[in-house]
Amino acid sequence: MTVTTTGVLPDEVYDVVVVGAGVVGAAITRELTRYDLRIAFMDAADDVGDGTSKANTAILHTGFDAVPGSLESRLVREGQRRLAAYAEESGIPVEPVGALLVAWDDEQLAALPRLMEKAERNHCHDTRVIGPEEVYRREPALGPGALGALTVPGESVICPWTTTLAYATQAVRGGADLHLNCRVERVSSGSPHELTTVRGRLRTHVLINAAGLYADDLDRQLGHTDFTVTPRRGQLMVFDTFARDLVRHILLPVPTALGKGVLVAPTVYGNVLLGPTAEDLTDRTATHSSAEGLAFLRAKGRRIVPALLDEEVTAVYAGLRAATEEDDYRIRCHPGQRYVTVGGIRSTGLTASMAIAAHVVELLTEAGEELGEPRTLDPVTMPYLGRTSPRPYERPELIAADPEYGRLVCHCERVSRGEIRDALTATVPARSLEGLRRRTRARAGRCQGFHCGAAVLALLSTDSPVTPSPVTPSPDTTGAPVRSDGGAPPLRPEAGS
């Protein structure tokens, strides 16, 4: 098992290298480790899932509203089935809460039967239109004026962080090398391909581009101009767990030509999400929130669930989706180059990740790559971060065996010292406060680390067997003042995964 964050890269020629260790890159690597291959996956960040994958609305989609017949429609539908089964097997929190797509005016109400028909074409056969009485019976806190809704029972919420970590953990345990802090600066196509990175040279026979926001840049270096990534920022607000009883389903608006709209959704951790915005930018690093964006979300939230705005906001965050000029994924195999592009993976990528991985393997096989016979990977069991099963501090037998699970460090989220220790020594260990937050939820509660931050930082500094990354708290999630985005892009809503 090899995870590197510093130093020179191995002087060998890999069979396959995957650029990008987000949820899609990690899923592809995991799938490829089923074969007898030398594989590496790499990322510019110091952790897996640290780019687009870390900031989304955490929905396990049915694909009911995808473009029928598209690659995205097929892979989301297949991916939902695969990921739901994988989550149950691996301890990834999932709550099948269902969704209501709410109509607020006559035009939206008239659109519901067409959306139900679209869902049927996407093989989602359990949707139905309900009237306002049933809407309010199901969602008593909904704002006034709802005229009806489309029910989508198969929609769920999921933990996106544990999903990426599970894939990466299983890939590394299966023999893949993971190279972090490894930004690619240049690619030379050849036999083998040669990648020049900030940590030196890496060579591979087959190259898979899952670089997310930078997938088009890498593609161009290899002579392809199939698509251009436009970073689409989505800002979100997180409400305290006291708000959880206000929301029973994922509340979606009727989509318009401008996007899918702002949603209100519960999380598997017991919070409530409001968002996202959809702002097309040029800056691929603009992951900060803006005063305008949050005001926009507040106005939308006041219409959907008015009482939600009376609850405490514990955090805000923003992520960038890799939007392109196309309405579908841009997954292309270039057999002559032994190269696969996995681009344009938008908000549904979390749901579709396992199906995308299987599709990439199919493309490689069709291109003549001899992968051999697949094997069954050893299962992984991830730390459970959801609210529906006991956490370690609630398990006396665990505490009896190891008292560290009874010593709470983060009291808001009930995170024990034992869980932090485990995260620091895991197969893919945390190297930063944000990495610990994603693995344990330490500092993710209503105080945002005000009370436990120093203790968590001390554990990171003393208990970590690897050198921690420099501490750079995010202004979006630490309660610091939100700065305004001077670029002032047009604000429009879009719901994503």
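The values are calculated or read from the model by the stated rules, or taken from the named source; none is laboratory data. Being a predicted model, the structure only gives us computed values, none of them experimental. No Cβ is skipped: glycine too gets one built from the backbone with ideal geometry, and neighbour counts run over all protein chains shown. These accessible areas exclude ligands, DNA and RNA; they are computed on the full protein's heavy atoms, side chains included. Shrake-Rupley method; radii C 1.70, N 1.55, O 1.52, S 1.80 Å.
Once phi is turned into ³J(HN,Hα) by the Karplus curve 6.51 cos²θ - 1.76 cosθ + 1.60 with θ = phi - 60°, what whole-Hz value does each residue of region 23-33 show in order, with x for glycine and proline?
After applying 6.51 cos²θ - 1.76 cosθ + 1.60, I find 5, 6, x, 5, 5, 5, 4, 4, 5, 6, 6 Hz.
Which residue, chosen from VAL97, LEU109, TYR86, occupies the Cα position most advanced towards the positive end of the dipole of region 39-117, where the dipole is computed from +1 (Lys, Arg) and -1 (Asp, Glu) charges on Cβ about the Cα centre?
The residue sitting farthest along the positive end of the dipole is TYR86.
If you roll a 1.4 Å probe over region 117-182 with all protein chains in place, what percent of the accessible area is carbon or sulfur? Show your work: numbers first, answer last.
Working: 1180 of 2250 Å².
Within region 117-182, the accessible surface is 52 percent carbon and sulfur.
Before anything else, pin down the relative contact order of region 109-208: Cα pairs under 8 Å, at least 6 apart, normalised by residue count, whole percent. Could you put the intermediate results ahead of the total?
On the way: 87 pairs, mean separation 15.8, N = 100.
Worked out over region 109-208, it gives 16 percent.
For the chain, what is the accessible area per residue in Å², given a 1.4 Å probe and the full set of protein chains?
On the way: 19590 Å² over 497 residues.
Heavy-atom SASA per residue in the chain reads 39 Å².
Under the Karplus relation 6.51 cos²θ - 1.76 cosθ + 1.60, θ = phi - 60°, what is the ordered set of whole-Hz ³J(HN,Hα) values for region 414-420, x standing for Gly and Pro?
Here the 3J(HN,Hα) series is 6, 9, 8, 4, x, 5, 5 Hz.
Quick one: of the DSSP bridges fully inside the chain, what percent are antiparallel, nearest 5?
On the way: 51 of 74 bridges.
Given both bridge residues lie in the chain, the antiparallel proportion sits at roughly 70 percent.
Can you list the residues, at least 5 places off or on another chain, whose amide H is less than 5 Å from the amide H of ASN181, using H built in the peptide plane?
ASP43, ALA45, ASP46, ASP47
What size of dipole, in debye to the nearest 20, comes out for the chain about its Cα centre when the only charges are +1 on Lys and Arg C-beta atoms and -1 on Asp and Glu C-beta atoms? Let's see the in-between values first.
Numbers: 53 positive and 63 negative charges, 163 e Å.
Dipole size: approximately 780 debye.
Classify region 326-415 as rounded, prolate or oblate, taking a ≥ b ≥ c as the square roots of the eigenvalues of its Cα gyration tensor: rounded when a/c is under 1.5, otherwise prolate if a/b is larger than b/c and oblate if not. Walk me through the intermediate numbers first.
Working: a/c = 4.48, a/b = 2.32, b/c = 1.94.
Note, shape of region 326-415 comes out prolate.
Under the rule a/c < 1.5 gives rounded, and otherwise a/b versus b/c splits prolate from oblate, where does region 206-276 land using the Cα gyration tensor? Write out the running numbers ahead of the final one.
Details: a/c = 3.87, a/b = 2.33, b/c = 1.66.
Judged from the Cα gyration tensor, region 206-276 comes out prolate (a/c at least 1.5, a/b above b/c).
Cβ neighbours within 10 Å, averaged per peptide: list 15-27, 107-119 in order, most packed at the top. Could the numbers behind the result be given before it?
On the way: 15-27: 30.1, 107-119: 16.7.
So the order, starting with the most tightly packed, is 15-27, 107-119.
Taking only DSSP H segments of four or more residues, each worth -39500 (n - 2.57), what value at 222 nm results for the chain once the sum is divided by all its residues, to the nearest 500 deg cm²/dmol?
Details: 12 runs with 139 residues, N = 497.
Computed mean residue ellipticity for the chain: -8500 deg cm²/dmol.
Give me the net charge for the shell around PRO335: Cβ to Cβ below 14 angstrom, other residues only, Lys and Arg +1, Asp and Glu -1. If you can, show how the numbers build up before the last one.
Details: positive: ARG332, ARG338; negative: GLU362, GLU366, GLU369, GLU370.
Spelling it out: positives minus negatives among the neighbours equals -2.
What relative contact order, as a whole-number percentage, does region 26-148 give when Cα pairs under 8 Å and 6 or more residues apart are counted?
Working: 81 pairs, mean separation 29.2, N = 123.
Normalised by residue count, the contact order of region 26-148 is 24 percent.
May I ask you to give the percent of accessible area on region 212-363 that is carbon plus sulfur, with a probe radius of 1.4 Å? The partial results should precede the final answer.
Details: 2580 of 5030 Å².
After summing per-atom areas, the C and S share lands at 51 percent.
State, as an integer percentage, the relative contact order of the chain based on alpha-carbon contacts under 8 Å between residues 6 or more apart. Intermediate results must be reported in sequence, preceding the final value.
Working: 1158 pairs, mean separation 108.7, N = 497.
Computed value for the chain: 22 percent relative contact order.
If you bin every alpha carbon distance in region 1-76 into 10 Å steps from zero, what whole percent lands in each bin?
P(r) for region 1-76, in whole percents per bin: 16, 37, 31, 13, 3.
What dipole magnitude, in Debye to the nearest 20, does region 68-227 give about its Cα centre under +1 on Lys/Arg Cβ and -1 on Asp/Glu Cβ? Present the calculation step by step, with values, prior to reporting the outcome.
On the way: 17 positive and 22 negative charges, 150 e Å.
Once rounded to the nearest 20, the dipole reads 720 debye.
Excluding residues on the same chain fewer than 8 positions from LYS118, give the lysines whose Cα lies under 27 Å from its Cα.
In chain and number order, the partners are LYS260, LYS300.
Taking H as built 1.01 Å from N, whose amide H comes closer than 5 Å to the amide H of ARG407, not counting residues under 5 places away?
ARG417, GLY418
Ignoring ligands, DNA and RNA, please state the percent of accessible area on region 1-90 from carbon and sulfur, probe 1.4 Å.
Numbers: 1450 of 3070 Å².
C and S atoms contribute 47 percent here.
Where does each of 278-287, 227-236, 96-105, 39-48 land if you order them by average Cβ count within 10 Å, highest first? Mind dumping the intermediate values first?
Values: 278-287: 16.5, 227-236: 23.2, 96-105: 21.1, 39-48: 25.0.
Going by the mean number of other Cβ atoms within 10 Å, highest first, we get 39-48, 227-236, 96-105, 278-287.
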